[in-house]
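Since the structure comes first, as structure tokens, the remarks are kept for the end.
The values are calculated or read from the model by the stated rules, or taken from the named source; none is laboratory data. Please read all numbers here as calculations on a predicted model, not as lab measurements. Note that each Cβ is placed from the backbone with ideal geometry, even for glycine, and that neighbours are counted across all protein chains shown. These area figures cover heavy atoms from the full protein model, side chains too; ligands, DNA and RNA do not enter into them. Shrake-Rupley method; radii C 1.70, N 1.55, O 1.52, S 1.80 Å.
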Amino acid sequence: MTVTVFKPTRQSRAPYASDPYNARGRAIAQPSGSERSPFQRDKDRIIHSSAFRRLKGKTQVFVAHEGDYYRTRLTHSIEVSQIARSIARVLGLDEDLAECLALAHDLGHPPFGHSGEDALSAAMAPYGGFDHNAQTLRIVTHLEGRYAEFDGLNLTWETLEGIAKHNGPLVRREADLKTLPWALRAIPDFEALELHTFAGPEAQVAAIADDIAYINHDIDDGLRAGLFTIEDIMNVPFVGDAFVDVRRRYPDISRDKTIHEAVRDMIGIMVADVLAETRRRLEKYDPKSPDDIRNLPEAICDFSADFREKERPLREFLMTRMYRHYLVNRMMGQASRVVGELFELFIADPSILPTDQQAQAGGAHEIATARVVSDYIASMTDNFAIEEHRKLFTVSGYLSR
């Protein structure tokens, strides 16, 4: 019997799109194979990583035990990847790279959202600091230990660059690279990531998809948690218009369906604005390659100036009515104490760290120990951190192990 082996062909892509078959390669060369492109392999390695699986137990605004409805880092990353892939497809970019970067962008976040990161950053201030984007790079280049031939995931240059520059260029060309987070500077040959330029187009798409996802889904979660009502948000430009339009079209649907339809519409409007603005900039600059996009004076993928004006009151509303809501403050205050107290306990007495971490640590309050403790805490899920704190700070917690 003759077996026909399917070999994928190169998809039609724009001249400024990243080409996986002409990628800049990996730190450790590996045969590319014919079944998957290099960017598909990167995406698969992210999905199969331990850090990606742990995102299911890390929340953004609410702590995991508050309820199973609210979004976690994992569900958020999946939603970002869907938006990124849709935008990349329309623009003729490499969808796999855009999706890969969307799935990877939150790997370095510690437990308890931004409060957890603030607490870990404060604890690490004397030891080089903490930055979640740099921690993501540390995970994919060093901490993941799945493969026989290398530490980390041995991702392509394009994926590493996109992770590093998720928020844009990190330095100016003449800037002192010593100002960069230590976790980034610890990566071999980190200068090769060209940190003074913008990221490639797929990375920019993943970054704007992150903004679209978290803004809309925070509205959704905030409404469903009762932190504010539809009436409260009706006076916010853009958002109020969306709810008015949904109520006009569907006057008899339930509150939950109204929220879903409005959020759905807002995502569509934001995606349309990004596509229109990105096309305008593409026409203005006429880039012929991904490097042309990296070296532009501004991002190629962004919201329009008009939408940025509409977005500002929304961000202010969410900051006041959600992120600084007293119930969220109470919850995150407790979360910050959990992270801070775990750090202080571990760095003062490394002998109580798990065996694997002990082997890498130094003495009490040493930099090496602080960085091991930081890696350990950053890897925790919300519930694991809560349970670890309970075991270590209460006698009953230890005896009930």
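Details
- Distance-filtered residues of region 139-163 - backbone nitrogen under 11 Å, label point 7 angstrom along ILE28 Cα→Cβ: 142, 145-155
- With protein chains left intact and a 1.4 Å probe, residues in region 174-249 average 39 Å² of accessible area per residue.
- Cα centroid separation - region 15-41 against region 196-216, whole Å: 21 Å
- Dipole magnitude of the chain, debye to nearest 20 (Cβ charges: Lys/Arg +1, Asp/Glu -1, about Cα centre): 460 debye
- Under 13 Å, Cβ to Cβ, from ARG321 - net charge with Lys/Arg +1 and Asp/Glu -1: -3
- Region 76-127 and region 240-318 have Cα centres separated by 19 Å.
- Springs join every pair of Cα atoms under 10 Å in this Gaussian network model of the chain, and among MET266, MET332, MET319 the largest mean-square fluctuation is at MET319.
- Residue of GLU344, GLU99, GLU35 that the Gaussian network model of the chain assigns the largest fluctuation, springs spanning Cα pairs under 10 Å: GLU35
- Once divided by 2.2 N^0.38 Å, the Cα radius of gyration of the chain becomes 1.04.
- Cross-link reach list, lysines versus LYS178, counting only Cα pairs under 30 Å and skipping chain neighbours closer than eight places: LYS165
- All-pairs alpha carbon distance profile, region 143-229, 10 Å steps from 0, percent: 14, 34, 27, 18, 7, 0
- Peptides 228-234, 42-48, 106-112, 365-371, ordered by how many other C-beta atoms sit within 10 Å of their residues on average, highest first, read 106-112, 42-48, 365-371, 228-234.
- Residue with peak Gaussian network fluctuation, the chain [Cα springs, cutoff 10 Å], from GLN334, GLN30, GLN82: GLN30
- Of the solvent-accessible surface of region 26-170, computed with a 1.4 Å probe over protein heavy atoms with every protein chain present, carbon and sulfur atoms account for 50 percent.
- Simple label model, 7 Å out from Cα along Cβ direction - ARG224 to ALA364, nm: 4.7 nm
- Per residue value of the accessible surface for region 250-401 (all protein chains in place, 1.4 Å probe), Å²: 54 Å²
- In this structure region 74-142 gives 26 Å² per residue of accessible area when probed at 1.4 Å with all protein chains present.
- Split the accessible area of region 315-401 by element, probe 1.4 Å, and carbon with sulfur accounts for 54%.
- Electrostatic bookkeeping for SER50 treats Lys and Arg as +1 and Asp and Glu as -1; over the other residues with beta carbon under 12 Å from its beta carbon, the sum is +4.
- Placing unit charges on the Cβ atoms only, positive for Lys and Arg and negative for Asp and Glu, gives region 78-211 a dipole magnitude near 260 debye about its Cα centre.
- Using a probe radius of 1.4 angstrom, the carbon and sulfur fraction of the accessible surface of region 188-291 is 50%.
- Note, ³J(HN,Hα) from phi for region 132-139, Karplus 6.51, -1.76, 1.60, rounded to Hz, x at Gly and Pro: 5, 5, 5, 5, 4, 4, 4, 5
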